[in-house]
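Below is one structure; the comments refer to it alone.
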Amino acid sequence: MSELHTYKDVAAVILAGGMGRRVGGEDKGLIELNGKPLIAHVIDIIAPQVESLLISANRNIDQYRSFSYPVISDRQEGFCGPLAGIDAAFAATDKPYLLCVPCDTPLLPTDLLSSLYTALQASEQPMAIAPDAQRQHPVINLMKRSVHESVRSRLEQGDLKLMRWIEATGYASVDFSEQPQSLSNLNSPEDIDLLANKT
C-alpha cells in the first residue's frame, strides 16, 4: 500500500443517486453496515485522498447533507444513472480531475486515487478505471475534465450505458486483482449481511 497522499487537483464524487432496485427501492447509501451508513464507510476512505468531495444524490437530500459535504443532484429528470451523476459533478467543480466511486463499496483501497492517478499520468488516455481479476468496475474511475463534453453528449442522446461510453472514449486500467474484495459493491441485503458477519 502506498503512502497516503492528498491530491489538490482532484475532486471526488460518491454516486448515491440510484433507485436502489436491487435492495427493494431503499436508498443504498443510507443502508447500514456495522451501525454506519454505507456512504459513511466510503467517505472515510475517500475524503483523506482529496481536498474536494461531492455526494451525488437524488433523494433524502437532507440526510446526505448531514455528512457535511456538498450534495449535488442530476441535472436530468428520471434517474439517468452514473453518467448523470458524473455530469453534475463536473458542473459543480472546477478541478481538472474527477474521481468517481459508488456509495456501496465500503472496502475501497486507501491508495485507490494514487494508483489511478499514476496510471492516468503514464497513459495518453482521458480516464483510468479499476478492474480486478473477475470484472471491470466502470463506476470506479478517474477522469480528466476533457471528457465532460462527451458525457453531456451521451446524456442528450439517451445513451446511458457507462461502460459503452468508457470503451468509446478510451481508458487506462489499474490492476487491483490482488485485492479484489476492495472493489466489490454490495448489491443486495444478503451481500451486506455477509460482509457484516466478516467484519
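The values are calculated or read from the model by the stated rules, or taken from the named source; none is laboratory data. Keep in mind that this is a model prediction, so the values were computed, not measured. Don't worry about glycine lacking a Cβ; one is built from the backbone with ideal geometry, like all the others, and counts go over all protein chains shown. Areas reflect the complete protein model, heavy atoms only, side chains present, ligands, DNA and RNA absent. Shrake-Rupley method; radii C 1.70, N 1.55, O 1.52, S 1.80 Å.
Return, for the Cα atoms of the range 113-180, the radius of gyration and Dmax in Å, separated by a comma.
Rg then Dmax for the range 113-180, in Å: 12.3, 38.
Treating the beta-carbon of each Lys and Arg as +1 and of each Asp and Glu as -1, no other charges, what is the dipole magnitude of the range 110-162 about its Cα centre, to the nearest 20 debye?
Numbers: 6 positive and 6 negative charges, 22 e Å.
So the dipole magnitude of the range 110-162 works out to roughly 100 debye.
Rounded to the nearest 10 Å², what accessible area does GLU156 show when all protein chains are kept and the probe is 1.4 Å?
GLU156 has an accessible surface of roughly 150 Å² with all protein chains in place.
For the chain, report the accessible area per residue in Å² (1.4 Å probe, heavy atoms, rounded to an integer).
On the way: 9410 Å² over 199 residues.
Normalised by residue count, the accessible surface of the chain is 47 Å².
For the chain, report the % of Cα-Cα distances exceeding 27 Å. Don't skip to the answer; put the middle values down first.
Details: 4500 of 19701 pairs.
That tail contains 23 percent of the Cα-Cα pairs.
What percentage of the solvent-accessible surface of the chain, computed with a 1.4 Å probe over protein heavy atoms, is contributed by carbon and sulfur atoms? Mind showing how you got there, number by number?
Working: 4360 of 9410 Å².
Carbon-and-sulfur percentage of accessible area, whole number: 46.
Per residue of the chain, what 222 nm ellipticity follows from adding -39500 (n - 2.57) for every DSSP H run with n ≥ 4, rounded to the nearest 500?
Values: 7 runs with 64 residues, N = 199.
The per-residue figure over the chain is -9000 deg cm²/dmol.
Could you grab the relative contact order for the chain? Cα pairs under 8 Å, six or more apart, rounded to a whole percent. Don't jump to the answer; show the numbers that get you there.
Working: 366 pairs, mean separation 47.1, N = 199.
Once divided by the residue count of the chain, the mean separation gives 24 percent.
Using the Kirkwood formula over every pair of different C-alpha atoms, what hydrodynamic radius in Å results for the range 24-66? Numbers along the way, then the final one.
Details: mean 1/r = 0.0887 Å⁻¹.
With all distinct Cα pairs of the range 24-66 included, I get 11.3 Å.
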